[in-house]
Amino acid sequence: MNDLHHVSLAEMARQLRERRLGAVEVATHFQQRAAQHLAGPNAHGDNTGAFLAVDAEVTQAQAQAAQARLDAGQGGPLEGVPIAHKDIFVTRDFPTTAGSRMLEGYRSPFDATVVNRLAQAGMVALGKLNCDEFAMGSANENSAYGVSRNPWDLQRVPGGSSGGSAAAVAAGLTPAATGTDTGGSIRQPASFCGITGIKPTYGRASRYGMIAYASSLDQAGPMARSAEDCALLLSAMCGPDPDRDSTSLDVPAEDFRLRLNDSLQGLRIGLPAQFWGDGLADDVRAAIDQALAELKQLGAVVVPVQLPRTELSIPVYYILAPAEASSNLSRFDGVKFGHRAADPVDLLDLYRRTRSEGFGEEVQRRIMIGTYVLSHGYYDAYYLQAQKIRRMIASDFQQAFTQCDVIAGPVAPTVAWALGEKSADPLASYLADIYTLPASLAGLPGMSVPCGLGAGGMPVGMQLIGNYLQESRLLNVAHQLQRQTDWHQQRPALASKEVA
Amino acid sequence: MSTRLVQGYEVVIGFETHAQLSTQSKIFSRAPTAFGAEPNTQACAVDLALPGTLPVMNRGAVERAIRFGLAVGAHVAERSVFARKNYFYPDLPKGYQISQYEIPVVQGGTVQFYLGDELKTVRLVRAHLEEDAGKSLHEDFVGMSGIDLNRAGTPLLEIVTEPDIRSSDEAVAYAKELHKIVTWIGICDGNMQEGSFRCDANVSVRKPGQPLGTRREIKNLNSFKFMQQAIDYEVRWQIEQIEDGHAIEQATVLFDPDTGETRAMRTKEDAADYRYFPDPDLPPLMIDREWVEDVRAHMSELPRVMAARLVTQYGLPDYDATTLTQSQAMAAYFEAVVQACQQPKLASNWIMGEVSRRLNSGELSLEQLPVSASQLGALITRIGDNTLSNNAGKQVFDALWTGEALASQSPQAQVDALIEAKGLKQMNDSSALEAIVDEVLAANADNVAQVKAGKDKAFNALVGQVMKASKGKANPQQVNAVLKARLG
């Protein structure tokens, strides 16, 4: 079964249930691939650097347990199907680093709720995936353990912060991955690597066990090869968690596959004027236009809408997210867990050196920005003002949704850029977040759907944004598009390579 | 309001009190709150701020805040907001404390109490929910500090007054009243040694009519005695400084009970910028009217209301009523004794006198009192009907205390049996008394002579001799009367 990594999740789960596939066999297949893609300074050849940790024994044990349940005619909807987790989710069975030196060798005594729920559904964990340090970045170049590379072109970035998740799925190292999205960290890497990813409504998936970057924005979601796969995964991930996460929504778990095959006849797709400005690259524009044409063929109509504060979402996000991050990351002080500077002379020295040594440059930058905007005398001008505009951005969306059912647009202004291209210019990469930030600030569900290849043969993703709790609508639109087209089936050459 | 001046200065005091709420588990986690466990055995992943953990509000802590709000006549906010107070300290695991800042759960309210005969009212600004930090242990670790996170995340209600207090006496009276309220309504165990009730006093002085002076905050006053000493010292120190021409600098100070002095910990210059902002992990705390009314319906009579009722219902003096309502247990004991003997004033005297004295000397709480309310009621019944003198009653009380009574008997039968067995029945037969008096007079000719010479002391000595001769059974008033008649 050498093409196992091209089989869809639903198909794989069915074959496992019918015992035409064995869970151990499946796990072994992906383990062998994953083991070739461990991040590190010496990564070379075809290595995407997507994985930070694997553990053959743990994965084999989980696979055997899954097989035992399958043999007994038991097990969850995804019993025996492998998954790998972004290293932002804490796990008992694997180390958790958040891509940071600060947590090198850290073991959590508990599993994140999302990890736990996917395990309950029967999924077998392959390991932990590379990401930007504490999920701060959009190129996966801010990982303390080495970059992750784009499987379509190893000289390009996979996007971020869930760069390892996107690269691993695109390279066929895992059939599915978890990601987290604070300002676009699921959608943008999914777009760059040609896979499907969805960030649900804020509060749909529990944040318990997700190492916090910006608490009011962080949201977990699945990354896989199709909308149908994402629907399966999302159904297992979501659900209320009132005893562990106070911001978890009191909305019952849902089967997101139920509406996949609804007709798109009469569907109103809103196109925000602000999403088609000068900054948008022609290849990206052309790919999205093609996808929109397909959707019109399916009966959808496009309507112009306005999101007048789209540009403001950049300063608003880069005030609020660092503000929350500066506080969330205070717990990394060398006292209780994680890195501790050697031989501190006093308490201040312990704090200073621990944090200087443990945090990378981008994390330190955001802590400083966040500390500044919360400081006495600046709070009103920055933080409060940003909160006000954030509410306006949310109400702009509500205005737009009176005219349309879903909003479509680009995920990113360009295809994946070259490694190192923006790493010296943080502002340039901040600006590239313009299309993903508005939905994050409003807490709305958003997804990235592959829609062809652009410059350099690199994938382009189309963004779909829905109103609150309208994930099934988004998945429906994406699924119908994927029934009609094969963009999501396209694979980088690397994905077809056999392991040595 | 009468203002008491110290060397021509008016003293202005405001209070911040941290009352530890008596919940089983912590304010944002499920770890237990019990005091005195081995270090770091009562701290869970949330209390340790392990990566990925999140706070979840303990409803019991909110319910207690509502109770307090109702007890002090405050507004219980329908919507209040948790905020992060950011600062680094090793015993603060998250690097921030979750507290309430701009919108607290309890707003306004008053605390009223008697200072002597004068009814005082101190206005409250607010009371807000927050979590406690852990403890740094500097002893036992050479060149290092130990951290105990058992206390981290313990729920606190911080109660803040307006600067309405004008003397150290009033400060102590306020703190005692507040202590009584929080223990009475059962939201705090009030144990000051264990830090369950900690007061900070903001103290300043000014010439009457002048604007408020610069204040210094005395931290962590954990006994009423130290509170008074600390404030008195601080007031004298501030006046001295001003008189010497020095300006008071805003500062946080600690009281050292060994030297009786306050000393500055930090001044305003090194005050931290706490970068408060609303905690994104906790939605605003919503309290609907229904919840408030439900809490109100389950609250017992408040001490001040009860004291007023004791005055009207039993005709007790204000002093007695206030003393008996120091705790719910004492008030309940009093009412049970009255129920048994129908002698409110005698019951009050006994509880404030003998009962309190015995409890204090044995360092016992009322719950540990070995004499039941019905036994004390039976005893007082016999004093009330002149079977027993008050003094002889103490011997019966002793016997009840030490468990001499027969458990199988009714309380009244127990008391009567003890009176009988000890021969304590009061002598109400006047001819027998007259005979004793005559014997005593014959045997004490000296005293008789002195009394005739106008010496009152000698008269008292004769009373004592008669009482002794009657083995304490004579009625003292009757002894007085007979002696006066004989010597008259």
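What follows draws every value from the coordinates through simple rules; no lab data is involved. Since we're looking at a predicted model, the values are computed, not measured. Positions of Cβ are backbone-derived with ideal geometry, glycine not excepted, and every protein chain shown enters the neighbour counts.
Things worth noting here:
- Within 10 Å of the Cβ of each residue in B:82-94, the mean number of Cβ atoms contributed by other protein chains is 4.
- Straightening the chain between residue A:104 and residue A:120 buys 3.0 nm, computed as 0.36 nm per residue apart minus the Cα-Cα spacing.
- More than 18 Å apart - percent of Cα-Cα pairs taken over the range A:80-172: 43 percent
- Helix B:328-341 axis versus longest C-alpha principal axis of chain B: approximately 20°, rounded to the nearest ten.
- Where Rh is the Kirkwood radius over Cα pairs, Rg/Rh for chain B: 1.09
- Per-bin percent of Cα-Cα distances, the range A:197-257 [5 Å]: 4, 21, 29, 24, 15, 7, 1
- Peptide B:276-285 has a mean shielding of 5, counted as Cβ atoms of other protein chains within 10 Å of each residue's Cβ.
- Taking every alpha-carbon pair in the range B:430-487 and binning the separations at 10 Å intervals from zero gives 25, 62, 13 percent.
- Distance between the range B:65-130 and the range B:144-161 - C-alpha centres, whole angstrom: 16 Å
- With a 10 Å cut-off around each Cβ of A:345-351, the average count of Cβ atoms from other chains is 2.
- Per-residue Cβ neighbour rank within 10 angstrom, fewest leading, B:4, B:215: B:4, B:215
- For residue B:457, the lysines whose Cα falls under 27 Å of its own Cα, not counting residues fewer than eight places away in the same chain, are B:394, B:468, B:471, B:473, B:484.
- Computed label-point distance, nm, for sites residue B:240 and residue B:297 using a 7 Å Cα→Cβ extension: 5.9 nm
- Peptide packing: for B:114-123, A:19-28, the average count of neighbouring Cβ atoms within 10 Å per residue gives the ranking A:19-28, B:114-123, highest mean first.
- Once the gyration tensor of the Cα atoms in the range B:5-293 is diagonalised, the equivalent ellipsoid follows with semi-axes of 32, 24, 18 Å, ordered largest first.
- Under a model in which nothing but the beta-carbon of Lys, Arg (+1) and Asp, Glu (-1) is charged, chain B shows a dipole of about 1100 debye around its Cα centre.
- The calculated FRET efficiency for residue B:272 paired with residue B:364, based on their beta-carbon distance and R0 = 41 Å, is about 0.35.
- Cα gyration tensor, the range B:319-389 - rounded (a/c under 1.5), prolate or oblate: prolate
- Computed from the C-beta positions of residue B:460 and residue B:395, the FRET efficiency with R₀ = 22 Å rounds to 0.50.
- A simple spin-label model places pseudo-atoms 7 Å from Cα toward Cβ; at residue B:408 and residue A:380 they are separated by 8.2 nm.
- Distance from the Cα centroid of the range A:364-417 to that of the range A:185-203 is 18 Å (rounded to whole angstrom).
- With eigenvalues of the C-alpha gyration tensor scaled by 5 and rooted, chain A, Å: 30, 30, 21
- Shape parameters for the range A:300-447, alpha-carbon atoms, Rg then Dmax in Å: 19.2, 67
- Tilt relative to chain B, helix B:224-243 - C-alpha long axis, 0 to 90 degrees, to 10: 60 degrees
- Database remark: amide H of residue A:108 closer than 5 angstrom to the amide H of A:91, A:96 (H placed geometrically; neighbours at sequence offset of 5 or more, or on other chains; Pro and chain starts carry no H).
- On the principal axes of its alpha carbon atoms, the protein assembly as shown extends 132, 76, 60 Å, with the longest extent given first.
- Footprinting exposure proxy for B:438, B:140 (fewest neighbouring C-beta atoms within 10 Å first): B:140, B:438
- For the range A:389-500, the Stokes-Einstein estimate of translational diffusion at 20 °C and a viscosity of 1.002 mPa s comes to 134 µm²/s, using the Kirkwood hydrodynamic radius over alpha-carbon pairs.
- For the residue pairs A:128/A:497; A:296/A:388; B:94/B:219, the alpha carbons lie more than 29 Å apart in A:296/A:388.
- Expressed per residue, the C-alpha convex hull volume of the range B:38-81 stands at 112 Å³.
- Peptides ranked, highest mean first, by Cβ atoms within 10 Å: ranges B:98-108, B:458-468: B:98-108, B:458-468
- Angle of helix B:373-384 to the longest C-alpha principal axis of chain B, folded into 0 to 90 degrees and rounded to 10: 40°.
- Residue order, fewest to most surrounding Cβ atoms within 10 angstrom, among A:245, A:55, B:318, B:244: B:244, B:318, A:55, A:245
- Enclosed volume per residue, in Å³, of the convex hull spanned by Cα atoms of the range B:300-422: 104 Å³
- If you plug the beta carbon distance of residue A:276 and residue A:92 into 1/(1 + (r/R0)^6) with R0 = 51 Å, you get a FRET efficiency near 0.65.
- Point-to-point label distance, residue A:25-residue B:121, nm (Cα→Cβ direction, 7 Å offset): 8.5 nm
- When peptides A:110-120, A:414-424 are ranked by their average number of other Cβ atoms within 10 Å per residue, the highest-first order is A:110-120, A:414-424.
- Stretchable slack from residue A:493 to residue A:364, in nm (0.36 nm times residue separation minus alpha-carbon distance): 42.7 nm
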